[in-house]
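In what follows, a single structure is set out as structure tokens and then discussed.
The values are calculated or read from the model by the stated rules, or taken from the named source; none is laboratory data. Because the structure is predicted, anything quoted here is derived from the model rather than measured. Cβ placement follows ideal geometry from the backbone for every residue including glycine, while neighbour counts extend to all protein chains displayed.
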Amino acid sequence: GGNFPVPNVPSWVKLLVGVFFAAVPLYRQMRALEDKVEQTAEVAIEVVEKVAEAAEKIADDVSEAFPGNDNLKKAASRIKTVADAIEEDAEKAEALIHKVDEITKEVDSVVGPIIDVVMKESGERGVIDEPKRKEMD
């Protein structure tokens, strides 16, 4: 392991400290990646919702344009059912993203101060920046 200036430090403590210092940059990278994934997922959910809404609108328009065609009405009804299910799933995915966001903030509130203390003692900047998240309505 590394040489600490403090005598009689057990090797397992040196190992633990070394692992922690290695984990800090990894944690920061994972948080940055998580933020990018979340932003991408939010955009994808918005697109899916808009496509589902457009499909519903088209199904309504087709149904109204051909009132006597029962096959077309049935197809339009199935399209609306699928679009409704897609919108519902998109809302669930959005709720999941918000829940993960809450959990991440809780983890950051616990881990952040620990990293700050350790990094301050080592002379490095250890602040975990609060991610700039677009709050969804």
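Looking at segment 64-71, is at least one residue hydrophobic (A, V, I, L, M, F, W, C), more than 24 Å from the chain's Cα centre (by Cα), at pLDDT 90 or above and over 30 Å from residue 30 (Cα atoms)? No, that holds for no residue.
Count of segment 71-92 residues, restricted to those that are under 11 Å from residue 53 (Cα atoms) and either among the charged types (D, E, K, R) or in contact with a Pro (Cβ under 6 Å, 6 or more places away or on another chain) (or both), is 3. I'm trying to understand the selection: among the residues of segment 44-74, which are of a type outside the set (Gly, Ala, Ser) and within 25 Å of residue 94 (Cα to Cα)? Of everything in segment 44-74, those that are of a type outside the set (Gly, Ala, Ser) and within 25 Å of residue 94 (Cα to Cα) turn out to be 45, 46, 47, 48, 49, 50, 51, 53, 56, 57, 58. Filter segment 80-123 down to residues that are loosely packed, with under 13 Cβ neighbours inside 10 Å and of a type in the set (Asp, Glu) and give me whichever is modelled with the lowest pLDDT. Looking at residues that are loosely packed, with under 13 Cβ neighbours inside 10 Å and of a type in the set (Asp, Glu), I get 121.
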